[in-house]
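A quick write-up on the structure given underneath.
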Amino acid sequence: QSIRWYSINFLEELLMRIVVYPGTFDPIHRGHIDIAERASKLFDQIIFAVAINSEKNPLFNSDERIELILGATKHIPNVKAYSTDGLIADFARDHKAVALIRGLRHVSDFEFEFQMATMNHHLNENVSTLLMVTSEHYIHLNSSVVKDVAKLNGDISKFVSSNVMLKLKEKFDRS
Ligand code: ADP
């Protein structure tokens, strides 16, 4: 009988509980970071799936959004970020994720999220969606508001991390 040897790294990776956090993240803000911080206590690794989403005409391209995510989540262990223009259910399968996480701000978010969760489970039955209720300070925060305030030179330090603040300033100073 042959004995198989596996490296510790390989076994660790095999046992990892991976969650995918999909979204546009144009740019990442403190509401997103809060969800990621809390998800990191439930999972071993978080992978941000940055939707390329050309219809939304994002301010930052996907490489910039990834860089901003990685800069803003340095304090969270085991975060990765990749872009995708495919199905999130396939992205989750490719990255061996057991779950998707989404933030829930208002009751009105629920219907859409419920529909997405059902569809994603249908497309990949190994993945469950967790809807995490937003902390009350971030209920009204979204990326569009951040961009609007930044464009008019308003103070966004409460809403985004310093790397994002800097990049927004650069973008709007240039335009
Ligand atoms: P999408 O384009 O998919 O709405 P976003 O980048 O706006 O992507 O958001 C990605 C995820 O983060 C979604 O699950 C969204 O509900 C969640 N989210 C957005 N804003 C907040 C916030 N203020 N607090 C918590 N979660 C949020």
Largest first, what is the accessible-area ranking of His75, His121 with a 1.4 Å probe?
-> His75, His121
Peptides 42-52, 162-172: what's the order by average Cβ count within 10 Å, highest mean first?
-> 42-52, 162-172
Extension length gain for Leu123 and Ile139 (0.36 nm per residue less Cα distance), in nm, is 2.8 nm
Kindly sort Met132, Met119 by accessible area of their heavy atoms, largest first, with the probe set to 1.4 Å.
-> Met119, Met132
Using a simple charge model, +1 on the beta-carbon of Lys and Arg, -1 on the beta-carbon of Asp and Glu, nothing else, what dipole does the chain show about its Cα centre, in debye to the nearest 20?
-> 340
Segment Ser157-Phe10, length gained on full extension (0.36 nm per residue, minus Cα span) = 48.8 nm
What ³J(HN,Hα) values, in whole Hz, does the Karplus curve 6.51 cos²θ - 1.76 cosθ + 1.60 give for segment 3-16 when θ = phi - 60°, with x put for Gly and Pro?
-> 9, 9, 10, 10, 6, 4, 4, 4, 5, 4, 4, 5, 8, 5
At 7 Å along the Cα-to-beta-carbon direction for both Asn61 and Val149, put a label point, then send me their distance in nm to one decimal.
-> 2.9
Based on DSSP H runs of at least 4 residues, each adding -39500 (n - 2.57), what is the mean residue ellipticity at 222 nm of the chain after dividing by all its residues, to the nearest 500 deg cm²/dmol?
-> -13000 deg cm²/dmol
Order of 150-161, 23-34, 7-18, 96-107 by packing, highest average Cβ count within 10 Å first?
-> 23-34, 96-107, 150-161, 7-18
Holding the Cα-Cα limit at 22 Å, pick out from Lys147/Lys167; Lys56/Lys171; Lys41/Lys147; Lys56/Lys96; Lys147/Lys171; Lys74/Lys158 the pairs that are longer than that.
-> Lys41/Lys147; Lys56/Lys96
Taking amide H positions as placed in the peptide plane 1.01 Å from N, state which residues far from Leu104 in sequence (5 or more) or on other chains have amide H under 5 Å from it.
-> Met132, Val133, Thr134
Taking the chain and dividing mean pair separation by its residue count, relative contact order in percent (alpha carbons under 8 Å, at least six apart) = 26
Can you work out D for segment 18-100 in µm² s⁻¹ from Stokes-Einstein, where Rh is the Kirkwood radius over C-alpha pairs, the temperature is 20 °C and the viscosity is 1.002 mPa s?
-> 169
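The values are calculated or read from the model by the stated rules, or taken from the named source; none is laboratory data. Because the structure is predicted, anything quoted here is derived from the model rather than measured. Note: ideal-geometry Cβ built from the backbone for every residue, glycine included; neighbour counts use all protein chains shown. For accessibility, only protein heavy atoms count, side chains too; no ligands or nucleic acids. Shrake-Rupley method; radii C 1.70, N 1.55, O 1.52, S 1.80 Å.
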